[in-house]
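Structure first, commentary second.
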Amino acid sequence: MKNRKNQLQAFDRLLTIMDDLREKCPWDQKQTLQSLRHLTIEETYELGDAILNNDLNEVKKELGDLLLHIVFYAKIGSETNNFDIADVCNEICDKLVHRHPHIYSDVVVKDEEEVKQNWEKLKLKEGKKSVLEGVPKSLPALVKASRIQDKVKGVGFDWEKPKQVWDKVKEEIKEFQIEVATGNQDKMESEFGDVLFSMINYARFLNINPEDALERTNKKFIKRFQYLESKAQELGKPLMEMTLAEMDVFWEEAKKI
């Protein structure tokens, strides 16, 4: 309980500082829900970077930045008498209790999958017309595809075996190649989207997070290309004046590092 007391004191300190900033700081006074939105998105991505880098000290800092934004939004809400931080906390607490009947009621579940299925069923009972309503429209397409597939899986709309999904991937690639041969740009784009969607689905069956996998490759490419740039600089030769064969030598070196 001593640790809980310290946690509550720290949170109360943050709330007090937020009150001071909103009252006395010109920049904080000007902020609105709308003006903070893009900053919150930026902070979320910075947290994601810290997690991918497994930099726990940076994770702590970025969590603090996000927490500040939550408190800031709640402070603005309290000024218009729409909601305050207590309402925010109680809202999520009530939702968690309601959607975990296997913890707070007499419902029995056998595994994680049943928990997720019950979650989606409860959301529909709460008045949502579609299980896909919870997927934000502004999500990046790759993340959105993953969430869509995860959501429909929760109500049983899913493949049974990884092989079925891989067969679908091959089918979509074949259809894409047909459109490439015809040269119809619109149809090529449509079929390429189908290829990506099916690949993301296959990744899910292999317990691979496609966003993390792609970002891992991005970082690997950046590291290797910057090695190539450094070697070109050592030679005093701009990349644009090097042949692909010359660049490939350093690229292969970078792959061994």
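Structure values in brief
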item	result
Residues within the range 187-202 that are hydrophobic (A, V, I, L, M, F, W, C), without any contact (Cβ under 8 Å) to a residue 24 or more places away in the chain and either farther than 16 Å from Glu171 by Cα or open to solvent by less than 70 Å² (accessible area, probe 1.4 Å) (or both), tallied	1
Tabulated pairs, the range 212-237, first touching a residue at least 60 places away in the same chain (Cβ under 8 Å), second open to solvent by 70 Å² or more (accessible area, probe 1.4 Å) and in a helix (DSSP H, G or I), C-beta under 7 angstrom, 6+ apart or interchain	Asp212/Leu52; Glu215/Leu52
Subset of the range 134-150 that is assigned to a helix (DSSP H, G or I), within 16 Å of Ala203 (Cβ to Cβ) and out of contact with any Pro (no Cβ under 9 Å at 6 or more places or on another chain) - its residue that is modelled with the lowest pLDDT	Asp150
Residue match in the range 219-237 (condition: more than 24 Å from Leu132 (Cα to Cα) and in contact with a Leu (Cβ under 7 Å, 6 or more places away or on another chain))	yes
Number of the condition not met by Arg99 [criteria: (1) loosely packed, with under 13 Cβ neighbours inside 10 Å; (2) modelled with pLDDT under 90; (3) in contact with a helix residue (DSSP H, G or I) (Cβ under 6 Å, 6 or more places away or on another chain)]	(1)
Residue among Lys170, Lys137, Lys128 that alone is more than 21 Å from the chain's Cα centre (by Cα) and open to solvent by 90 Å² or more (accessible area, probe 1.4 Å)	Lys170
Failed criterion for Ile148 (all others in (1) exposed (fewer than 12 other Cβ atoms within 10 Å of the Cβ); (2) under 30 Å from Glu42 (Cβ atoms); (3) out of contact with any Lys or Arg (no Cβ under 9 Å at 6 or more places or on another chain) hold)	(1)
Checking Phe157 against (1) outside any helix (DSSP H, G or I); (2) open to solvent by less than 70 Å² (accessible area, probe 1.4 Å), the condition it does not meet	(2)
Subset tally (residues that are without any contact (Cβ under 8 Å) to a residue 12 or more places away in the chain and either open to solvent by 80 Å² or more (accessible area, probe 1.4 Å) or more than 29 Å from Asp84 (Cα to Cα) (or both)) for the range 50-68	8
Scope the range 218-257; condition surrounded by fewer than 11 Cβ atoms within 10 Å (Cβ to Cβ) and not in a helix (DSSP H, G or I); matching residues	Gly236, Pro238, Thr243, Lys256, Ile257
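The values are calculated or read from the model by the stated rules, or taken from the named source; none is laboratory data. Computed from a prediction, not measured in an experiment: that's the story for all the values here. Please note: Cβ atoms are built from the backbone with ideal geometry, for glycine as well, and neighbour counts cover all protein chains shown. Quick note on the areas: whole protein, heavy atoms, side chains included, nothing else; ligands and nucleic acids left out. Shrake-Rupley method; radii C 1.70, N 1.55, O 1.52, S 1.80 Å.
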